[in-house]
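**Student:** Okay, here's the structure, questions in a sec.
The values are calculated or read from the model by the stated rules, or taken from the named source; none is laboratory data. Not measured: the values here are computed from a predicted model. Cβ atoms come from the backbone with ideal geometry, glycine included; neighbour counts cover every protein chain shown. The accessibility values were calculated without ligands, DNA or RNA, using every heavy atom of the protein model including side chains. Shrake-Rupley method; radii C 1.70, N 1.55, O 1.52, S 1.80 Å.
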Amino acid sequence: MEPKQPLDSMQTQQTTSDASPVTTRSAGVRYGMISGIVSILLFLIFILANINMTEGPWKWVGWIVTVALVVLAHKYYKDNANGFMSYGQGVQISLWMGMVSAAVSSVFTYVYIKFIDASFLEMIKDKQIQAMEEQGMSEEQIEQGMKFASMFMSPEAMLLFGLIGGVISALIIGLLVSIFTQKKAPETAF
């Protein structure tokens, strides 16, 4: 007869034996969700505070947060994968992260612009016109520039470009950050 174990230790044993290993995909998806949620929160904070997220130091906030989350995703992977991560694995994590984050934040932005605040695009257009006027552009140049920009100023276009831009940005960040966060396993270090 086996000695009875407390329920907690049985659950712990079951959980650890059933736990699947961390993969580049699982780490990237986990931190992609975190990144997407953080992006949404930053977007809402900037809107509520009436901060132009494309000017001054604010335009760097998103990049800094993304780099920090990529570093944390790489650390999470290494902590759960025997302490090692190749350069390619780091890039894969960043790519998965970018795909998930871009999907989450782009869908939110689409819903926000399409159904919650349709005036958001008008505000962006007004700021673009103001910037062109400050550059001394003529009315004709402004009209032509806005005609071109309006092709990209729909909720659908912003969804598409958010997805594409998010993945490309994550790939570039992953290529750079992985240089510093990689830690080759001893057998592949030669």
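**Student:** Roll a 1.4 Å probe over the protein chains and send me the accessible area per residue for region 40-190 in Å².
**Tutor:** 62
**Student:** Work out the FRET efficiency for residue 125 and residue 175 from their Cβ-Cβ distance, taking R0 = 25 Å, and round it to the nearest 0.05.
**Tutor:** With a Förster radius of 25 Å, E is 0.15.
**Student:** May I ask which residue of 131, 182, 149 lies farthest towards the positive end of the charge dipole of the chain, with charges of +1 (Lys, Arg) and -1 (Asp, Glu) on Cβ and the Cα centre as origin?
**Tutor:** My answer, from the dipole projection, is 182.
**Student:** Report the FRET efficiency, 1/(1 + (r/R0)^6), for residue 86 and residue 25, where r is their Cβ-Cβ distance and R0 is 22 Å, rounded to 0.05.
**Tutor:** 0.90
**Student:** Heads up, I need the accessible area for residue 133: 1.4 angstrom probe, whole protein in place, Å², nearest 10.
**Tutor:** 100
**Student:** With a 1.4 Å probe and every protein chain kept in, tell me what percent of the accessible surface of the chain is carbon plus sulfur.
**Tutor:** Percent of accessible area from carbon and sulfur atoms in the chain: 65.
**Student:** How much FRET efficiency would the formula 1/(1 + (r/R0)^6) give for residue 63 and residue 139, where r is the Cβ-Cβ distance and R0 is 30 Å, rounded to 0.05?
**Tutor:** About 0.30, to the nearest 0.05.
**Student:** May I pose another question? I need the phi-derived Karplus couplings for region 78-85: 6.51 cos²θ - 1.76 cosθ + 1.60, θ = phi - 60°, integer Hz, Gly and Pro marked x.
**Tutor:** These are the phi-based 3J(HN,Hα) values: 5, 5, 10, 10, 6, x, 10, 7 Hz.
**Student:** What is the sum of charges around residue 28, taking Lys and Arg as +1, Asp and Glu as -1, for the other residues whose C-beta is under 14 Å from the C-beta of residue 28?
**Tutor:** +4
**Student:** Let me know the volume per residue of the alpha-carbon convex hull for region 106-146, in Å³.
**Tutor:** Considering the Cα atoms of region 106-146, their hull volume per residue is 69 Å³.
**Student:** Select one label from (1) 41, 20, 15; (2) 76, 16, 11; (3) 44, 21, 13: the one whose number is semi-axes √(5λ) of the Cα gyration tensor in Å as derived from the coordinates shown.
**Tutor:** It is the one labelled (3).
**Student:** Something else now. Place a +1 charge on the Cβ of each Lys and Arg in the chain and a -1 charge on the Cβ of each Asp and Glu, then give the dipole magnitude about the Cα centre in debye, rounded to the nearest 20.
**Tutor:** Here the chain has a charge dipole of around 760 debye.
**Student:** Something else about it: Pairs 75/127; 75/114; 59/114; 78/114: which exceed 29 Å Cα-Cα?
**Tutor:** 75/127; 75/114; 78/114
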